[in-house]
Amino acid sequence: MKIDTSMALSAYNYNTLNKINMQNTDDVKIDKALKKQDELLREQTDAFEAFLIKQVLDISLKDDEKAQLFPKAAGSDIYKSMYNDTMSQALSGGLGFSELLYNFLKERS
């Protein structure tokens with residue numbers, strides 16, 4: 001009696017190929033998720049560095065009657081705050097605090 005194994009072999013090959021394809025798609029999904037996580041971490045470390053820079057600017061550009069960057073007028077506090085926000089965003093990511101924090105957190109995870 002001869003047993004026909006062609007259907008069993010084709011089913012086995014089909015399942016094996018599906019498992020390999022599933023692994024490849026899972027690897028791609030994992031890589032995309034890790035890249036997204038890295039981007040979010042980089043964004044947060046840059047935001048933290050911008051916050052630190054803003055605090056330094058707020059302290060260093062405190063109201064001094066002799067050397068004011070903006071004259072005392074209606075809304076000058078708003079202009080100073082906007083200036084400090086813009087400067088902190090422009091400088092964030094370039095001083096190195098963000099990179100140090102990013103590398104530290106990347107090692108820890």
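Just so you know, all these numbers are worked out from the coordinates, no wet-lab data involved. Everything numeric here is computed off the predicted structure, so don't read it as measured data. Heads up, the Cβs are rebuilt from the backbone with ideal geometry, glycines too, and the neighbour counts pull from every protein chain shown.
Neighbours of Glu49, meaning other residues whose beta-carbon lies under 14 angstrom from its beta-carbon, give a summed charge of -2 when Lys and Arg score +1 and Asp and Glu score -1.
Working note: Karplus 6.51/-1.76/1.60 with θ = phi - 60° gives the stretch 77-94 the couplings 5, 5, 5, 5, 5, 5, 4, 5, 4, 5, 5, 5, 5, 5, 8, 5, x, x Hz, where Gly and Pro are set to x. Between Thr86 and Phe48, take the C-beta separation as r, use R0 = 22 Å, and let me know the FRET efficiency to the nearest 0.05. Calculated value: 0.80.
Here the extension length gained between Ile78 and Asn103 equals 5.5 nm, from 0.36 nm per residue of separation less the Cα-Cα distance.
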